[in-house]
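Data first, discussion second: the structure below is written as structure tokens.
The values are calculated or read from the model by the stated rules, or taken from the named source; none is laboratory data. Just so you know, these numbers come straight off a predicted model, no measurement behind them. In this analysis, Cβ positions are derived from the backbone assuming ideal geometry, glycine residues included, and neighbour counts consider all displayed protein chains.
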Amino acid sequence: MYEQRILDLEADVSKVVASKGPTATTLSSLQKDLEACRDQYKKKLADQQAVIDSLRDRLNKKERKDAGQLQNLNLFMVKS
């Protein structure tokens, strides 16, 4: 979604710059929209990375806990 919007806005900015007599208002507006879209995209990526990191941490804790339980079970089986 953001990727396509960014590409569209970049194309619009290029068209305005290439046209004869681009108005500063139009160009400024497009550049602001483009920057806002890029910022939203970066925020979305950062939020997704935070979720991934959190899930990875939870998985690592679970794996360590399971490994400890398995080791305890193995020790119990050896003693029996």
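Among the numbered conditions (1) among the hydroxyl-bearing types (Ser, Thr, Tyr); (2) over 20 Å from the mean Cα position of the chain (by Cα); (3) surrounded by 11 or more Cβ atoms within 10 Å (Cβ to Cβ), tell me where Thr25 comes up short.
Every listed condition holds for Thr25 apart from (3).
I need every pair where a residue in region 40-53 that is within 17 Å of Leu9 (Cβ to Cβ) and polar (S, T, N, Q) has its Cβ under 6 Å from the Cβ of a residue that is part of a helix (DSSP H, G or I) and modelled with pLDDT of 95 or more, sequence separation at least 6 or different chains.
Partner pairs satisfying both residue conditions: none exist.
Being basic (Lys, Arg) and at pLDDT 90 or above: is that true of Lys20 here?
no
To keep it simple, each residue is scored yes or no on (1) surrounded by 10 or more Cβ atoms within 10 Å (Cβ to Cβ); (2) out of contact with any Phe, Trp or Tyr (no Cβ under 7 Å at 6 or more places or on another chain); (3) closer than 30 Å to Leu7 by Cβ.
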| residue | (1), (2), (3) |
| --- | --- |
| Leu45 | yes, yes, yes |
| Ala50 | yes, yes, yes |
| Ser54 | yes, yes, no |
| Lys62 | yes, yes, no |
| Leu73 | yes, yes, no |
| Phe76 | no, yes, no |
